[in-house]
Amino acid sequence: MIYLKPVSESGLKFDHIVGTGGIGSGIFFSMTGNHNLGRNESRNATLLPYKDFCKLHIIMHYITVLLGAKVNGSFRSFPIGSIGNDDIGKNLMRQMVEVGMYPENILIAENYSTLFSVCFQYPDHSGSNITTENSASSRVSPENISTFFQDFKLSGISEIILAAPEVPLKARIKLLEYGRQRGSFNTASLLSSEADEFRNMLGFEMVDLLSVNIDEARSIAQMTNESISSNKVIDVCIQKLVNINPAISILITDGPAGSYCYSKNCLEHIPVPVVPVVATAGAGDTFLGGTLAGLCCGLPLTKGKSDLLFSESPLQSAVELGTLLASLSVTSHDTIHPEANTELLYRFANDNNISFSPDFLKLFTECVK
């Protein structure tokens, strides 16, 4: 198996990740008609045979696969979560173990079912989902986070902390608090409905890299009127976050319009390559997973300029690696592309005439031998 290589001969910038968030599965419906499902509307939809996964699993899967995480390896993945004592949960844990994650802190919650989502996708490939609130994931507590760190020996300096939705905010905040104490690189995402509570719990102060989509950015900006342009929402969202945490970096995905990255007083737009889109569910989580993998390898977060087209100038940055990976992921029906790995990502880039800078090419050293 071939894995991404670090840019520097000194090795990976971050050699492990500790994350909490949802672990679960779901079903997909293909909606009839592009208009939003109304509050009192009944509508026909086609049940699709696609596989759905939840946020922590998606993000950590891609980091784990691309970096070749192994127990006692050069990169290690430590998920903290909870599943039900059911076949769905046991199968998900097996999949996570197979790619190299540590399973010891995935708890089994008796009398609770594994997290489950119902996803619906419109003909234009946009979509949303409904996720169970009273699942096993709801049992993840601040005490579970504290228990993990009691005997944890690895250094926080080379650590990425990931606080993802679908477990209670109190547990995610506790994880971010440990990250701050340990000098870790704290990353987080959140749901639109959580923006105010996350702010009130001082979550934004503890985040180094926040990843949200445009709807979540609207909630942070407190501009939920959808007639307001994305550019205005992005500007206000960034200003509100920077007023709270001047050092924060922010990723905002905006579907086919691409993504935006704010860091160190600069806002950069990253367009998406033109590829045949099969399904977009999970693309935002994949984007974050690829971006974090790039940071682990020593890529800069941004390239320092906005291209009009993806790969107009050679790829240089972690957010471009995230974009490349997300573009590969939308060619699959499943929210985790079942075949995605370093070799497939390299072939995908070549097939789409995407050019790499010398440092970016170092990631794929084993592919070009």
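Any read-out appearing in this document is the output of simple, stated calculations on the displayed coordinates, not a laboratory observation. Because the structure is a prediction, the values reported are computed rather than measured. Ideal geometry is used to build each Cβ from the backbone, glycine not excepted, and the neighbour counts take in all protein chains shown.
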Revision key, fill the gap. So the compactness index of segment 153-202, its C-alpha Rg divided by 2.2 N^0.38 Å, takes the value 1.16
Review point. Taking the alpha-carbon centroid of each part, what is the distance from segment 213-253 to segment 81-118 in angstrom?
Key: 33 Å
Exercise for review: For the chain, with a Gaussian network of springs between Cα atoms less than 10 Å apart, report the residue from His125, His269, His57 with the top mean-square fluctuation.
Suggested key: His125
Point to revise | segment 304-369: proportion of alpha-carbon pairs further apart than 17 angstrom, % | key: 39 percent
**Study point:** Diffusion coefficient, µm² s⁻¹, Stokes-Einstein with Kirkwood Rh over alpha-carbon pairs of segment 163-310 at 10 °C and 1.306 mPa s
**Key:** 100 µm²/s
Study note, to complete from the structure: Among beta bridges assigned by DSSP with both residues in the chain, the antiparallel ones amount in percent, to the nearest 5, to 35 percent
**Study point:** Residue with peak Gaussian network fluctuation, the chain [Cα springs, cutoff 10 Å], from Thr32, Thr187, Thr331
**Key:** Thr32
Review point. Whole number please: convex hull volume per residue of the Cα set in segment 1-86, in Å³?
Key: 198 Å³
Revision key, fill the gap. Diffusion coefficient in µm²/s returned for segment 122-176 by Stokes-Einstein, Kirkwood Rh over C-alpha pairs, 4 °C and 1.567 mPa s, is 96 µm²/s
Exercise for review: Could you grab the Rg to Rh ratio for the chain? Cα atoms only, Kirkwood for Rh.
Suggested key: 0.93
**Study point:** Which of Ile173, Ala195, Ser211, positive extreme of dipole for segment 129-224 (C-beta unit charges)
**Key:** Ile173
**Study point:** In order through segment 156-170: 3J(HN,Hα) via Karplus (6.51 cos²θ - 1.76 cosθ + 1.60), integer Hz, x for Gly, Pro
**Key:** x, 5, 9, 10, 9, 9, 10, 10, 10, x, 5, 10, x, 4, 4
Review point. Out of every Cα-Cα pair in segment 1-40, what percent are more than 15 Å apart?
Key: 73 percent
Revision key, fill the gap. Magnitude of the Cβ-charge dipole (Lys and Arg +1, Asp and Glu -1) of segment 1-158 about the Cα centre, nearest 20 debye, reported as 260 debye
Check your understanding: For the chain, modelled as a GNM with alpha-carbon contacts under 10 angstrom, which of Gly290, Gly38, Gly255 fluctuates the most?
Key -> Gly38
Study note, to complete from the structure: Kirkwood Rh for segment 81-159 from C-alpha pairs, in Å, is 14.7 Å
**Study point:** Helical mean residue ellipticity (222 nm; -39500 (n - 2.57) per DSSP H run of 4+; nearest 500) of the chain
**Key:** -9500 deg cm²/dmol
Review point. Which three extents, in whole angstrom, do the alpha-carbon atoms of segment 165-247 cover along their principal axes, largest first?
Key: 42, 26, 18
Practice item. Please give every one of the lysines within straight-line cross-link reach of Lys70, meaning a C-alpha to C-alpha distance under 28 Å, and leave out same-chain neighbours fewer than 8 residues apart. Key: Lys5, Lys13, Lys51, Lys55, Lys90, Lys153, Lys174, Lys362, Lys369
Study note, to complete from the structure: Quick calc: nm separation of the 7 Å Cα→Cβ label points for Met201 and Leu344 -> 3.4 nm
Point to revise | Relative frequency of Cα-Cα separations exceeding 20 Å in segment 242-368, percent | key: 39 percent
**Study point:** Estimated vicinal HN-Hα couplings, Hz - segment 340-347 in sequence order (Karplus 6.51, -1.76, 1.60; Gly, Pro = x)
**Key:** 5, 7, 4, 5, 5, 5, 5, 5
**Study point:** Over segment 62-197: Kirkwood hydrodynamic radius from C-alpha pairwise inverse distances, Å
**Key:** 16.2 Å
Point to revise | Inter-probe distance in nm under a simple model that places probes 7 Å from Cα toward Cβ, at Asn44 and Asn353 | key: 4.2 nm
Check your understanding: Quick one: of the DSSP bridges fully inside segment 1-134, what percent are antiparallel, nearest 5?
Key -> 40 percent
Point to revise | Two-decimal Rg to Rh for segment 72-119 - Kirkwood Rh, Cα set | key: 1.02
Study note, to complete from the structure: Contour minus Cα-Cα span, Thr147 to Leu107, at 0.36 nm per residue, comes to 13.2 nm
Point to revise | Virtual paramagnetic centre 7 Å along Cα→Cβ of Ser10, amide N under 16 Å, in segment 279-297 | key: 295-297
